[in-house]
Every structure is written in C-alpha cells, then in structure tokens.
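K.L.:
Mind looking over this structure? Questions follow.
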Amino acid sequence: MDPLTLGLMVAITTILVLFSGVSVALGLLMVSTGFLVIFDGMRSLELLPEILFGKLDNFALLSIPMFIIMGSSIASTRAGADLYEALERWLTRVPGGLVISNLGACALFAAMSGSSPATCAAIGKMGIPEMRKRGYPDGVAAGSIAAGGTLGILIPPSVTMIVYGIATETSIGRLFLAGVIPGLLLVGLFMAWSLYSTWQSGNRELLASGNYSWKEKFEILPRVVPFLLIILGVLYAMYGGVATPSETAAVGALLCLIIAMVIYRLWNPKDLWVVLRDSTRESVMILFIIAAAGVFSYMLSSLFITQSIAAWIGTLDVNPWVLMAAVNLFLLIAGFFLPPVAVILMAAPILLPIITTAGFDPIWFAVVLTINMEIGLISPPVGLNLYVINGIAPDISLRTILTGSLPFVACMILAIILLCLFPGLATWLPNAVMGLAH
C-alpha cells in the first residue's frame, strides 16, 4: 500500500480511537501495534518492549517528575494567594493595578509551577472574587485568569518544552530561553487587552489606584521572595553551566518542599503524601505517553509514513509560509481535542522534518507550537482552563468564561503572527546566552 494512503488511514484510526475515550497512551499503543501487525507481521512485536522502555532510558526525563514536584509543592500552599496579594499591594498605584496584578501573578506562578491548571486554580481563587467584588466585568475577571493560566506551558521551566526537547532531540536549555521573551510578550498583550476592555466597560473607578502602607507592602515579601529566588537560582544553575536541567530540577524540587514546610507549615504527613502522590500520578501519565509515542513514531518510520510525507512536502511547490499556516491550523485543531503533551509527541516526528525542510528553526517552531497549545487550553470542546475557572466560580456561566477568553485567543494569534514576522523574538535570547546552534 502507498505510504501516504497508509498515513491517512493511521491518522483517521488514531482520531477515532482517541475520541472513543481511551487514554492517550493506551490509544497510541493500540494503533501502533495494530498497524505493525497488519502491515509488518507478528515479528514486529518482538521489538515493541525494547522500544517502549528504551524511550524512557533518557536522563533528561528525570527533570519532568522533579519540576512537577516543584510545582505541586507550591500549588499545595498559599504561595499563589500570597504572590497575588504582594503584586496587588505593590502595583496598587498603577492604573488598573488589580487586573495587572492577576496577570503578573499568573506569569510568576506559571514560572514557579509550570502547570496551567494549577496556575488558574491558585491565582483564580483569590483574583476572581476580588475583581468581581470591585466591579470588574465577569468576562474580564474569568477570561484574564483562564488566559494567564496558559502561560504555565510557555514560561520556563515548562514540562511541555522538556517533552518537545526530548521528542525532537533539541536542547532543553535553549527551549526554556526561547519561551522567555514570547512569554513576556503574551503577558503584555493580555494586560493591554484587559485594561482596554475594563476602560470600555465605562467604569473608570476600576482604573483608579488604591492605597497600601509601606509596612503592608513589605510584610508580605518574606513569603514569596524565597520561591522567586529558587526560580532565579534554577535558571542561573542551568545557564551558568553549574548543573544539567535534571539536576537543577531535583534541587529546585527539594528546596520548594523545604520552603513549603518551613514557611507554610506543610508538616502534616498526609499533606506531603498528597503532594507526592499527585506528582507521581501526573509524572507516570506523561512518561507513559512519551513511551507510547516512541512506539507510535517507530510504527510511522517502520512503515515509511514519516519519510514519505516529508518527501511529498518537499516536492510541493508551495510557499513556506503557506505551509506554516497549514501546520498552525493543524496544531490549532489538534489542541482543541488533545492535551499539549500528546499533540507534541504525536506530531513532532512528522512535523519536524517538514518544518526543517522548509527552512524554519526548530527552536522557533517550538514556541509557535506551544502558543497553539495554549489556545487549546481556553478553547472548547476540551478547554481545560475553562472548566478549572468554572469550578472556582460556578456562578459564572461557562459561556461567559468562554466569551471573556476569546479576546485573549486573539492576543495569542497576534503573538504567533509577530513571531512569524520577527523570529528573533524566540531565537535571540538562546543565541545570545548559549551561542549560535550548530
């Protein structure tokens, strides 16, 4: 059978299997095994265990559970609420300081936790009721937190970037750096829209400043500065040549646990057990998907599907930017239905040869891909962050949350366009810090 036709069959079968409700990892294994047996014979099964476990034989994978523990220990404390309160007190004289505080807190908490749902939950529990109490529109209050939460998969340290780095054999350090400026760009666009929509609501009092004493401003800092120092320390160790990402993640996880125990009195063994249990569960889920995706990639390569698609794309007389637009559309649709990790692991083996053949930088593409995944987090039908916000504020309808989130989707699309026009937004910092890639 023609490999391109076979590839279409694989795509349709994979979509149907995943839509049936089967877990992503198990679905990928079922599709991979089925096609290998049918088109390559039973002998192909002999290699599957070796491929499955071999995909996990990577030292860089240790950073995933470590960063997850780091985020879980922060999310299990009042760190998010304290971070929000600290920014609110220090930005009180800035016009629209409350909504800026929320988005700033989302950005910083995302950098500490690397988790979008955790960011939404931690900042939203404090931010949404406070904004509504002061008269902000429900759409602005809910939409800004839902969108701010998506920054967790872009601003380093990001588990999504680690997964992309492992799937494409790209430097994780470069990927982390590549997400910094686009992450700050998104924060700026989110803040600009939030201020504009608040101004448009006609309630000018919302943009007025409040008042806190210097004592109130300084008394909250000891509770949040240690976490921020850990983030800075992790990044310094990683880029200063002190340690590898996996080693810095392990030290960061240990320090976050210690600070959670010392500052927030997380002494209860039950509370610590919940942190470790949830971290283990999420880590195993991600690692299982990575292993299953390795088998899926092997199946695509073994049946010459990946090579045929790349060769076919190379023969097309299509403008590279038209091709990139098509890739973005595919990622956008995939992100509507599947979690970011699954999309990256399934799509990377196919898309990477295509985008490199077209002359695009894989580091730059990682940022574009991640922003597409962010859009999926606040878009139906899955839209994980929308449901997290609805759980925090059940009296705000899902429709209102979605309506409030749509302008932020437009901000993300604008960010992708800016990245296409100015690729240096993603590539300049990695090249400046680590030198040109070879």
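K.L.:
Taking the options SER397, SER302, name whichever one is small (Gly, Ala, Ser), surrounded by fewer than 20 Cβ atoms within 10 Å (Cβ to Cβ), over 20 Å from LEU419 (Cβ atoms) and in contact with a helix residue (DSSP H, G or I) (Cβ under 7 Å, 6 or more places away or on another chain).
P.N.:
SER302
K.L.:
Next up: In the range 1-38, what count of residues is obtained for those that are surrounded by 15 or more Cβ atoms within 10 Å (Cβ to Cβ) and more than 30 Å from the chain's Cα centre (by Cα)?
P.N.:
4
Yes or no, residue by residue, for (1) at pLDDT below 90; (2) of a type in the set (Gly, Ala, Ser); (3) in contact with a Ser or Thr (Cβ under 7 Å, 6 or more places away or on another chain); (4) more than 17 Å from THR370 (Cα to Cα):
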{"site": "TYR387", "(1), (2), (3), (4)": "yes, no, no, yes"}
{"site": "PRO394", "(1), (2), (3), (4)": "yes, no, no, yes"}
{"site": "SER405", "(1), (2), (3), (4)": "yes, yes, no, yes"}
{"site": "LEU425", "(1), (2), (3), (4)": "no, no, no, no"}
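K.L.:
On to the next question. Do you know which residues across the range 360-404 are acidic (Asp, Glu) and closer than 14 Å to ALA415 by Cβ?
P.N.:
GLU374
K.L.:
Right, here's the next one. For the range 298-341, give me each residue that is of a type outside the set (Phe, Trp, Tyr), under 16 Å from ILE15 (Cα atoms) and free of Cβ contacts under 8 Å to residues at least 60 places away in the same chain.
P.N.:
Matches in the range 298-341: LEU331, LEU332, ILE333, ALA334, GLY335.
One line per residue, one yes/no per condition, for (1) of a type outside the set (Gly, Ala, Ser); (2) modelled with pLDDT under 85; (3) buried (at least 24 other Cβ atoms within 10 Å of the Cβ):
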| position | (1), (2), (3) |
| --- | --- |
| SER76 | no, yes, no |
| ALA81 | no, yes, no |
| GLY96 | no, yes, no |
| PRO117 | yes, yes, no |
| ARG134 | yes, yes, no |
| ALA141 | no, yes, yes |
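K.L.:
Also, I was wondering about something else. Kindly check whether there is at least one residue in the range 345-366 that is in contact (Cβ under 8 Å) with a residue 12 or more places away in the chain, surrounded by 22 or more Cβ atoms within 10 Å (Cβ to Cβ), touching a Ser or Thr at 6+ places or on another chain (Cβ under 8 Å) and among the acidic types (Asp, Glu).
P.N.:
no
K.L.:
In the list GLY314, GLY294, which residue meets the criterion of being modelled with pLDDT under 85 and either closer than 30 Å to SER194 by Cβ or out of contact with any Ser or Thr (no Cβ under 7 Å at 6 or more places or on another chain) (or both)?
P.N.:
GLY294
K.L.:
Can you find, within the range 418-432, the residue that is surrounded by the most Cβ atoms within 10 Å (Cβ to Cβ) among those that are among the aliphatic types (A, V, I, L, M) and touching a residue at least 40 places away in the same chain (Cβ under 8 Å)?
P.N.:
ALA426
K.L.:
How do the helices (runs of 4 or more DSSP H) wholly within the range 5-86 filter down when requiring 1 or more residues that are touching a residue at least 40 places away in the same chain (Cβ under 8 Å), touching a helix residue (DSSP H, G or I) at 6+ places or on another chain (Cβ under 6 Å) and closer than 30 Å to ALA105 by Cα: which remain?
P.N.:
Hits in the range 5-86: 63-75.
K.L.:
Which of (1) part of a helix (DSSP H, G or I); (2) within 24 Å of THR77 (Cβ to Cβ); (3) more than 26 Å from the chain's Cα centre (by Cα) does VAL275 not meet, given it meets every other one?
P.N.:
So VAL275 meets the others, but not (3).
K.L.:
Also, quick follow-up: Restrict the check to the range 133-140 and report whether at least one residue is in a helix (DSSP H, G or I), without any contact (Cβ under 8 Å) to a residue 24 or more places away in the chain and not aliphatic (A, V, I, L, M).
P.N.:
So far as the range 133-140 goes, yes, one or more of its residues are in a helix (DSSP H, G or I), without any contact (Cβ under 8 Å) to a residue 24 or more places away in the chain and not aliphatic (A, V, I, L, M).
K.L.:
To continue, here is another question. Test of understanding: among ILE259, ILE290, ILE286, which residue is in contact with a Lys or Arg (Cβ under 8 Å, 6 or more places away or on another chain) and surrounded by 13 or more Cβ atoms within 10 Å (Cβ to Cβ)?
P.N.:
ILE290
K.L.:
Follow-up. Any residue at all in the range 48-60 that's over 30 Å from THR13 (Cα atoms), out of contact with any Lys or Arg (no Cβ under 6 Å at 6 or more places or on another chain) and surrounded by fewer than 21 Cβ atoms within 10 Å (Cβ to Cβ)?
P.N.:
Yes, the range 48-60 contains a residue that is over 30 Å from THR13 (Cα atoms), out of contact with any Lys or Arg (no Cβ under 6 Å at 6 or more places or on another chain) and surrounded by fewer than 21 Cβ atoms within 10 Å (Cβ to Cβ).
K.L.:
Going through the range 357-400 one residue at a time, which ones are in a loop (DSSP other than H, G, I, E, B), in contact with an Asp or Glu (Cβ under 9 Å, 6 or more places away or on another chain) and hydroxyl-bearing (Ser, Thr, Tyr)?
P.N.:
Once the filter is applied, which keeps residues that are in a loop (DSSP other than H, G, I, E, B), in contact with an Asp or Glu (Cβ under 9 Å, 6 or more places away or on another chain) and hydroxyl-bearing (Ser, Thr, Tyr), the range 357-400 yields only SER397.
K.L.:
When you scan the range 237-254, do you find a residue that is closer than 30 Å to ASP2 by Cβ, in a helix (DSSP H, G or I) and out of contact with any Gly (no Cβ under 6 Å at 6 or more places or on another chain), even just one?
P.N.:
For the range 237-254, residues closer than 30 Å to ASP2 by Cβ, in a helix (DSSP H, G or I) and out of contact with any Gly (no Cβ under 6 Å at 6 or more places or on another chain): absent.
The values are calculated or read from the model by the stated rules, or taken from the named source; none is laboratory data. These numbers come from a predicted model, not from an experiment. Glycine gets a Cβ as well: all are built from the backbone with ideal geometry, and neighbour counts include every protein chain shown.
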